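The structure under discussion appears below in the form of structure tokens.
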Amino acid sequence: MPDPECHIRFDNNPYGVYLAGQTLAGQVELRLTEILSVIGISLRLDGLTEVEWSEVIETATGHQPSGSRKTARYHGQQTLLNSTSFLCGSSVGPVRDLAIGTHTYHFSCELPAHLPTSFEGYHARIRYTAKVSVHRTKARVDPIGQASFTVLRHLNLNEHGEVLLLPAKSELTKVFCCGPCSSEPLYISAQIARCGYIPGQTIVMKIDAVNRSRTTVTEFRVKLVQKLCYSSQQPAVETRTDALVVAESRCSGVTSGEVVKHQQNLLIPAVPPTYTDGAPLFSVNYELEVEARVTGPNISPRLAMPITIGTIALEQAVPKEKLKPLTKPPWDPFSPQHYTDIIGTRIPIGHAVRRSQAGLEEQLPNGSNNVRLHYIVHRNGGELPP
């Protein structure tokens, strides 16, 4: 017996786009060319988060020093929505015959308010589907139709407290080479007026740079980076993080002995909001990255600031706040006593510069100590520096 022709339509919503918490309503239309005997017809709404990726693993063997290679596939999933209702009959009722012709069934279901926004990526997806099945007997259930719908979940930035209204600043100082060949430092700072945005808004970033090194910075690249974090459940618990550049702007760099100030505008494209409720299985975060592209074999220094992407913009005015470095009292990175390298290790002048390979806890000679260059907000009513 052939399966009936099935069409799922959403009421006044041809594209099937809903906000979390809204009512999903529509109709199922069955077209029969012969009598269909069933005990029931069901509609199931599914929501699922899935992550999967593969990695090539090399294992050493006694006869082959190079070892063998195998591919490990990691995956994990989380159920977000699982609701079943019967359009007619039930799963245990008596058999009924549906006549030849068109049969229309209406449905309505309120979506939970906590559902996350739909997402499609290379290694993760959040999908929602409506599936119609024919229950021919208690043991035999045949799917006959399926339609996908999209869920959008609002992220109101005003509900995250004052922290997103505050400006942020990040800075670093970089020296090139080491020992007697070490250069004078390159100082870079970047600041933004607040930490919360929505798609369609423009991020205004101020970049200050003082180049006392012999290395030329050819350009500055301001990037909006989407950080996708995954955690598998099978065959073992493993984690993976992908960084995708979703927006970028560029401006001129700074030559040796030059001081520059830039103001870069970065338009936020249509991207899903920040999502952390699904962690550790899957989460979406964003950060602003400033990369100073340098000449020669040197590593281009980078600094980053986390931001939150929402769907409802901040309404309050940005308070008058002032940023200052972490250390007290303030210190000048170009003073004759100290300078700081890219990992934040303060080293007395005259000693060789080296980058820590073991982490920030590595002890350096002559009482050198490690400090983190985070940005800190001070509530003293001062304005941001120009």
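Looking at G40, G62, which one is open to solvent by less than 80 Å² (accessible area, probe 1.4 Å) and modelled with pLDDT under 95?
From the options G40, G62, the qualifying one is G40.
Hey, can you tell me all the residues within segment 267-284 that are farther than 10 Å from Y230 by Cα, of a type outside the set (S, T, Y) and assigned to a loop (DSSP other than H, G, I, E, B)?
Keep residues of segment 267-284 that are farther than 10 Å from Y230 by Cα, which gives 267-277.
Now restrict to residues that are of a type outside the set (S, T, Y): 267-273, 277.
Passing the criteria: I268, P269, A270, V271, P272, P273, D277.
Tell me, yes or no, whether segment 237-246 has at least one residue that is farther than 29 Å from L155 by Cα and modelled with pLDDT under 95. Let's see the steps before the verdict.
Initially, segment 237-246 is screened for residues farther than 29 Å from L155 by Cα, giving 237.
If we keep only those that are modelled with pLDDT under 95 as well, we get 237.
Among the residues of segment 237-246, at least one is farther than 29 Å from L155 by Cα and modelled with pLDDT under 95, which makes the answer yes.
Which of the residues spanning segment 237-265 are acidic (D, E) and either free of Cβ contacts under 8 Å to residues at least 12 places away in the same chain or touching a Leu at 6+ places or on another chain (Cβ under 6 Å) (or both)? Give the derivation first.
Applying the first criterion (acidic (D, E)) to segment 237-265 yields 238, 242, 248, 258.
Once the filter is applied, which keeps residues that are acidic (D, E) and either free of Cβ contacts under 8 Å to residues at least 12 places away in the same chain or touching a Leu at 6+ places or on another chain (Cβ under 6 Å) (or both), segment 237-265 yields only D242.
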Worksheet item: What are the residues in segment 11-28 that are open to solvent by 30 Å² or more (accessible area, probe 1.4 Å) and over 14 Å from L152 (Cβ atoms), if any?
Response: D11, N12, P14, T23, Q27
Response to the item:
Scanning segment 295-330 for residues that are modelled with pLDDT of 80 or more and not in a loop (DSSP other than H, G, I, E, B) gives R302, L303, A304, M305, P306, I307, T308, I309, I312
Response to the item:
Among strands (runs of 3 or more DSSP E) entirely within segment 71-156, at least 2 residues that are basic (K, R) and surrounded by 15 or more Cβ atoms within 10 Å (Cβ to Cβ) occur in 124-135
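The values are calculated or read from the model by the stated rules, or taken from the named source; none is laboratory data. Nothing here was measured: the structure is a model prediction, and the numbers come from that model. Virtual Cβ from ideal backbone geometry, glycine too; neighbours counted across all protein chains shown. Just the protein is used for accessible areas: all its heavy atoms, side chains included, with ligands, DNA and RNA removed. Shrake-Rupley method; radii C 1.70, N 1.55, O 1.52, S 1.80 Å.
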